[in-house]
Amino acid sequence: MTNPHASIALHPSSCTSCMLCVRECPDWCIDIEAHTEPDPDAPQYSNARRPALKNVLDSFTIDFSHCMWCGICIEVCPFDALYWSSDDIVAGTNRQQMIYGIDELAASLPSARRADGTAAPLIHEPPSGRRKK
Ligand code: SF4
Ligand code: SF4
């Protein structure tokens, strides 16, 4: 029997690097690196004092050797970027084996579900743009 809460998946293009999950994780086991770039899709205002910038996600890591599966990161994400996945994480005695980076988190998207049971968008699909109520 699969465990619907076996691990956590990430839709990288939905993540805005807002850092809310990092701040709210009670175990401090989420690590994000990001940088800013000019946003070509932002409205260009003639009176703007500086160019509009957007966050670009460089790395997203969850240390499952510290995670307690509370789901707070999934609940607080305002952009529907984190999901429960039924893919088991790789058990191991080496702590490094329990640290999952952006590629591994995204790889489990096909088995990822929202808390209400609906499927997460696949990796090639656009961000949901869904805002939590
Ligand atoms: S499930 Fe809880 S402990 Fe694990 S990464 Fe998310 S907020 Fe942190
Ligand atoms: S709360 Fe969501 S959008 Fe914000 S950094 Fe975490 S995963 Fe990305």
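Before moving on, here are some points about what is shown:
- For segment 8-55, a tally of residues being at pLDDT 95 or above, more than 9 Å from ligand 2 (Cβ to nearest atom) and among the polar types (S, T, N, Q) returns 1.
- You will find that of Asp103, Asp80, Asp58, Asp63, the residue that is buried (at least 16 other Cβ atoms within 10 Å of the Cβ), within 16 Å of ligand 2 (Cβ to nearest atom) and either modelled with pLDDT under 95 or under 24 Å from His124 (Cβ atoms) (or both) is Asp80 and no other.
- Every test in (1) under 13 Å from the mean Cα position of the chain (by Cα); (2) in contact (Cβ under 8 Å) with a residue 12 or more places away in the chain; (3) not in a strand (DSSP E or B) is passed by Glu104 save one, and that test is (2).
The values are calculated or read from the model by the stated rules, or taken from the named source; none is laboratory data. This is a predicted model, so every value here is computed, not measured. So basically every Cβ, Gly included, is an ideal-geometry build from the backbone, and we count neighbours across all protein chains shown.
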